[in-house]
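*Asks:* Okay, handing you the structure first.
What follows draws every value from the coordinates through simple rules; no lab data is involved. This structure is a prediction, so every number in the text was calculated from the model and none was measured. Glycine also receives a Cβ, built like all others from the backbone with ideal geometry; neighbour counts cover every protein chain displayed.
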Ligand SMILES: O=C(O)c1cc(=O)[nH]c(=O)n1[C@@H]1O[C@H](COP(=O)(O)O)[C@@H](O)[C@H]1O
């Protein structure tokens with residue numbers, strides 16, 4: 001398969017860079033007039049995929065909201081992945097896996113092996129058991145043309161106590177991880193397949209985000225960030241940012257047209273923020 005970074009760049013160029021998260025919170029199911037059960041989950045997910053998969057670059061199902069219904073929830077997730085991919089969206093499985101290498105190999109075969117029912121275009125990973133522990137997933141992704149998004153600087157305020165701690169060589173832990181990602185992406189054109197997660201909520205991070213890979217920016221909408229914040233957070237690499245919104249779009253459902261309009265509004269705001277910063281930078 002064509003490498004994920006190439007497929008993502010193409011999708012960002014043709015569809016705009018927005019990622020919409022599929023996070024079926026119990027409160028959203030209620031607001032949509034659905035029960036907090038598998039039928040409600042199925043309806044919510046199908047409506048979201050049908051409304052958005054033919055237009056946004058990336059859909060990001062949050063695995064936890066499906067796992068909480070057990071095997072029947074996972075069946076809904078499997079179908080959502082297949083339907084979204086066949087409608088042309090890239091699917092980023094938000095599973096935030098991270099474990100010792102031998103267990104990482106099993107997570108890799110769950111999400112990054114083309115024969116798996118949960119095979120996705122990319123998966124989120126946590127590197128805080130050591131970046132090297134992710135090797136089996138990095139290798140599996142490279143072999144199948146998939147990608148990974150590795151947590152660097154997360155959108156939640158609690159993340160700083162770990163991520164901004166100082167490593168033995170004086171770098172922050174987050175910078176150490178970002179530098180490892182940059183090494184993985186070296187030489188890749190137009191974009192590497194190892195992405196970083198950096199919260200849009202963080203303001204100027206002081207970190208070097210030039211990893212030659214995509215930068216997933218969650219925190220827009222419900223967590224308070226806006227597309228206008230992106231240039232401040234990402235500076236010269238804002239063109240590699242995939243801004244991610246879940247509740248900020250989903251709260252407009254269940255009407256499909258309203259979901260599309262909400263996504264389109266965020267996409268327009270992102271375009272304005274990114275092109276405004278390009279104009280300013282000359
Ligand atoms: O990896 C993520 O997507 C992620 C990383 C992060 O730093 N912060 C963060 O909020 N997320 C996820 O992004 C989504 C945010 O949802 P909203 O706040 O509703 O837009 C949730 O699924 C989170 O799990």
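*Asks:* Over the alpha-carbon set of region 71-202, work out the extent along each principal axis and list the three values in angstrom, largest first.
*Replies:* Over region 71-202, Cα extents along the principal axes are 45, 33, 30 Å.
*Asks:* Quick one: check the C-alpha center-to-center distance for region 192-267 versus region 117-170, whole angstrom.
*Replies:* Cα centroid of region 192-267 versus Cα centroid of region 117-170: 18 Å apart.
*Asks:* To check my understanding: the extent here is largest minus smallest coordinate of the Cα atoms along each principal axis. What are those three numbers for region 156-265, in Å, largest first?
*Replies:* Principal axes ranked by extent give 52, 34, 20 Å for the Cα atoms.
*Asks:* Can you sort 49, 237 by how many other beta carbons sit within 10 Å, fewest first? Spell out each step's value before the answer.
*Replies:* Numbers: 49 24, 237 18.
Ranked by crowding around the Cβ, least crowded first: 237, 49.
*Asks:* While we're on this one: Please state the shape class of region 9-142: rounded when a/c is under 1.5, otherwise prolate if a/b exceeds b/c and oblate if not, all from the C-alpha gyration tensor. Could you put the intermediate results ahead of the total?
*Replies:* Numbers: a/c = 2.05, a/b = 1.36, b/c = 1.52.
Because a/c hits 1.5 or more and a/b fails to exceed b/c, region 9-142 counts as oblate.
*Asks:* Nearest 500 deg cm²/dmol is fine: what mean residue ellipticity at 222 nm does the chain get from its DSSP H runs of n ≥ 4 alone, each adding -39,500 (n - 2.57), divided by its residue count?
*Replies:* Values: 12 runs with 128 residues, N = 282.
Here the helix-only value at 222 nm equals -13500 deg cm²/dmol.
*Asks:* Can I ask one more? When the Kirkwood radius is taken over all Cα pairs of region 16-89, what Stokes-Einstein diffusion coefficient follows at 37 °C and 0.692 mPa s, in µm²/s? Mind dumping the intermediate values first?
*Replies:* Values: Rh = 12.2 Å.
Roughly 270 µm²/s, to the nearest whole number.
*Asks:* In what order do 274, 148 fall by count of nearby beta-carbon atoms within 10 Å, going from fewest to most?
*Replies:* If I rank by nearby Cβ atoms, fewest first, I get 274, 148.
*Asks:* I want to verify a result. In a Gaussian network model of the chain, Cα cutoff 10 Å, which of these has the top mean-square fluctuation: 216, 28, 178?
*Replies:* Maximum among the listed residues: 28.
*Asks:* OK, next. Suppose R0 equals 35 Å; then what is the FRET efficiency for residue 31 and residue 166 from their Cβ-Cβ distance, rounded to the nearest 0.05? List each step's numbers first, then the result.
*Replies:* On the way: r = 43 Å, r/R0 = 1.24.
FRET efficiency, residue 31 to residue 166: 0.20.
*Asks:* What ratio of Cα Rg to 2.2 N^0.38 Å holds for the chain? Write out the running numbers ahead of the final one.
*Replies:* Numbers: Rg = 17.7 Å, N = 282, 2.2 N^0.38 = 18.8 Å.
Relative to the rule-of-thumb radius for its length, the chain sits at 0.94.
*Asks:* Using all alpha carbons of region 1-43, what is the percent of pairwise distances in each 5 Å bin, ordered from the shortest bin to the longest?
*Replies:* Per 5 Å bin, starting at 0, the Cα pair percentages come out as 5, 20, 17, 11, 8, 10, 18, 10, 1.
*Asks:* Reported to two decimal places, what Rg/Rh ratio describes region 207-255 when computed on Cα atoms with Rh from the Kirkwood expression?
*Replies:* Details: Rg = 12.4 Å, Rh = 11.7 Å.
Using Cα coordinates only, the ratio equals 1.06.
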